[in-house]
Amino acid sequence: VDGSDEMFDFFNWKKEEPLNIDPDTALALAEEGEAFLEGNDPKKAEKLYKKSFEIYKTLFEEKPDEYREQTARCAEGLGSVYEMLEKYNDAYEYYMMSVEFLKEAADTKMPDLMELLADSYCNVGDTYFFRNKYENAEKEYKTALEVYIELAGTDSEKYLEDIAYCYDCLAKSSSGKEEYSRSIEYYEKVIEIYEKLIADHKSEQLDETMIDYKDELAAGYGDIGYIYSCCKNYEDAERYYLKAAEIYKMLASNDPEQFSDSLSSQYADLSALYEDMEKTDLAKEYDKLSQNLDI
């Protein structure tokens, strides 16, 4: 009989067992969800995080102070799932849940909760940014920045990268609104922070931390160079593009697999810039470099 498969599908349906309202179960589900998320499988991560969140919400209703952080982190995880799926409205809802869970505890001044709260504000800002709602994004990023700056009062080095991230987000939001002067100001703060971190780094070796700092600094140079090019301030654009290229060349010589693409893109940006400057020979030179890297 046509349609018989659909009619009797219910025989193959297995009712899920009721969730065990247990913190260890919730933690295990969340950790497995995080692993799938890191493995770029948001659909599987979504199912696990949802089960974990259901348990944590129940536990939170009974003992809010004890389970506030775990519930907020689980909501944050679901927000990340939906952000990866580009379902920004859903991501916004779960990131806002995380904010609401944590705002009540903000007065405790517990660094872990405050840091998570700042992270959540940043994530809410991202959901606005990806929907081109730059004013809303800017507001959330500024709120996050205030929290990170407060945290930096007790441990400045630990939170400098978070502060730099907020400035970077604010720069991009300003750029989205075509407020280029303000964008440049924010990027200058990003650059200042990473130049300081590099100068203060104790190891002279190109260790993992120094590589990360150099990478972020190069990205900052490239970003501010792009804004200068948008403003047709080609000389400053060139200066920062060349600084970025110099760092990427050094990083690519150390790790071609990780940084060759970044160097190639930077050379391509320089080629386009020289085209705008009507420096045809340089434009051709950097175009060739972008396509034929000899690290």
**Request:** Just tell me which lysines come within less than 16 Å, Cα to Cα, of K158; anything on the same chain fewer than 8 places away is out.
**Result:** K196, K202
**Prompt:** In the structure shown, do any of K139/K177; K133/K172; K87/K172 have a Cα-Cα gap over 19 Å, and if so which?
**Reply:** K87/K172
**Request:** Compute the normalised compactness of the chain: alpha-carbon radius of gyration over 2.2 N^0.38 Å, N being the residue count.
**Result:** 1.23
**Asked** If you roll a 1.4 Å probe over the chain with all protein chains in place, what percent of the accessible area is carbon or sulfur?
**Response** 45
**Request:** Round to the nearest 10 and report in Å² the accessible area of S181, as given by a 1.4 Å probe over the protein chains' heavy atoms.
**Result:** 90
**Request:** Could you tell me which of rounded, prolate or oblate describes region 24-69, using a ≥ b ≥ c as the square roots of the eigenvalues of the alpha-carbon gyration tensor, with rounded for a/c under 1.5 and, failing that, prolate when a/b is larger than b/c and oblate otherwise?
**Result:** prolate
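Can you give me the orientation-averaged projected area of the convex hull built on the Cα atoms of region 138-295, in nm²? Mind showing how you got there, number by number?
Working: hull surface 39.1 nm².
So the Cα hull casts an average projection of 9.8 nm².
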**Prompt:** Nearest 20 debye, what's the magnitude of the dipole of region 191-295 about its Cα centre given +1 on Lys and Arg Cβ and -1 on Asp and Glu Cβ?
**Reply:** 200
**Message:** Using a probe radius of 1.4 Å on heavy atoms only, what accessible surface per residue do you get for the chain? Whole Å² is fine.
**Reply:** 58
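The values are calculated or read from the model by the stated rules, or taken from the named source; none is laboratory data. Quantities reported herein were computed from a predicted structural model and do not represent experimental measurements. Neighbour counts run over all protein chains shown; Cβ positions are idealised from the backbone, glycine included. The area values use the complete protein model at the heavy-atom level, side chains included, leaving out ligands, DNA and RNA. Shrake-Rupley method; radii C 1.70, N 1.55, O 1.52, S 1.80 Å.
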